[in-house]
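Worksheet for the structure shown next.
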Ligand code: 13P
């Protein structure tokens, strides 16, 4: 196996974990990963729990903070929205963009997603650009075309220097929250395709540097097989990141694979 890019294991806590529970969860995670040095760990709480998460991580924490969303304007009359600057102020360094739940429930399209990616980069937030096909698209044999178009549109007008800063997450919609994980072979095939398309759009060195995470029912019992694959550089984990034990088992696996 070729040497891996540094693994990133990220928890997307979605609309779970209130601010009163976040401190306990983070303390448990912190305690379990005290000796982990080879893996980047990230948690993405709901907006209202970010401050509590920051307090719990404190200055000793080896955990980065991410947000699940933001609005791509500096400030202004956008009732209910939160800006990149506000997130930076809370110590947030990553932001999830283009998650299928936002594409589906909040009608976010590729143009808006591209605007968010560009704005995040301009605001020193690392975008985690999520892409993924539905089961119908896969059944119709369109999965590669869909991924290619989400990538092409999501990364429009982004420079080589910028793309090196972002992270991509392949999250097949049919695997999210369903317990049905992509097989390592299926996931690797798509990750390799994403990397080769990045090479086409940018260059080989850049394509090689970008982290591509897998998301969709990743758990401690399937993480090793997935993370062993050459082009899978970590996980974006929903359900299994809500419990310190299962989340940290995945982090531990990534750490062992990095030895
Ligand atoms: P699950 O791990 O619950 O399938 O969620 C994956 C996901 O959507 C992460 O962003």
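The values are calculated or read from the model by the stated rules, or taken from the named source; none is laboratory data. Computed from a predicted model, the values in this text were never measured in an experiment. Cβ atoms come from the backbone with ideal geometry, glycine included; neighbour counts cover every protein chain shown.
In table form, for the structure just shown:
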item: Tabulated pairs, the stretch 163-175, first closer than 15 Å to residue 7 by Cα, second at pLDDT below 95, C-beta under 9 angstrom, 6+ apart or interchain; result: 170/182
item: Test result for residue 254, within 21 Å of residue 94 (Cα to Cα) and more than 16 Å from the ligand (Cβ to nearest atom); result: no
item: Filtered residue count, the stretch 33-50, keeping only those that are modelled with pLDDT of 95 or more, outside any strand (DSSP E or B) and surrounded by 15 or more Cβ atoms within 10 Å (Cβ to Cβ); result: 6
item: Residues of the stretch 137-180 satisfying the condition of being touching a strand residue (DSSP E or B) at 6+ places or on another chain (Cβ under 8 Å), buried (at least 21 other Cβ atoms within 10 Å of the Cβ) and in a loop (DSSP other than H, G, I, E, B); result: 155, 166, 171
item: Odd one out for residue 107, checked against (1) surrounded by fewer than 20 Cβ atoms within 10 Å (Cβ to Cβ); (2) assigned to a loop (DSSP other than H, G, I, E, B); (3) touching a helix residue (DSSP H, G or I) at 6+ places or on another chain (Cβ under 7 Å); result: (3)
item: Residue in the stretch 219-250 that is nearest to the ligand (Cβ to nearest atom), counting only those that are within 21 Å of residue 99 (Cα to Cα) and part of a loop (DSSP other than H, G, I, E, B); result: 238
item: Where residue 140 falls short, out of the listed (1) more than 25 Å from residue 71 (Cα to Cα); (2) within 14 Å of the ligand (Cβ to nearest atom); result: (2)
item: Of all residues in the stretch 55-90 being closer than 20 Å to residue 36 by Cβ and touching a strand residue (DSSP E or B) at 6+ places or on another chain (Cβ under 7 Å), the one that is modelled with the lowest pLDDT; result: 62
item: Residue 226 vs. criteria touching a residue at least 24 places away in the same chain (Cβ under 8 Å) and farther than 12 Å from residue 181 by Cα; result: no
item: Top-ranked residue of the stretch 196-218 - restricted to ones that are in a loop (DSSP other than H, G, I, E, B) and crowded, with 17+ Cβ neighbours inside 10 Å, ranked as farthest from the ligand (Cβ to nearest atom); result: 202
item: Lone qualifier among 177, 132 - being within 17 Å of the chain's Cα centre (by Cα), under 17 Å from residue 10 (Cβ atoms) and modelled with pLDDT under 95; result: 177
item: Failed criterion for residue 183 (all others in (1) within 17 Å of the chain's Cα centre (by Cα); (2) surrounded by fewer than 16 Cβ atoms within 10 Å (Cβ to Cβ); (3) farther than 17 Å from residue 101 by Cβ hold); result: (1)
item: Among the candidates 97, 63, residue that is within 16 Å of the ligand (Cβ to nearest atom) and under 21 Å from residue 165 (Cα atoms); result: 97
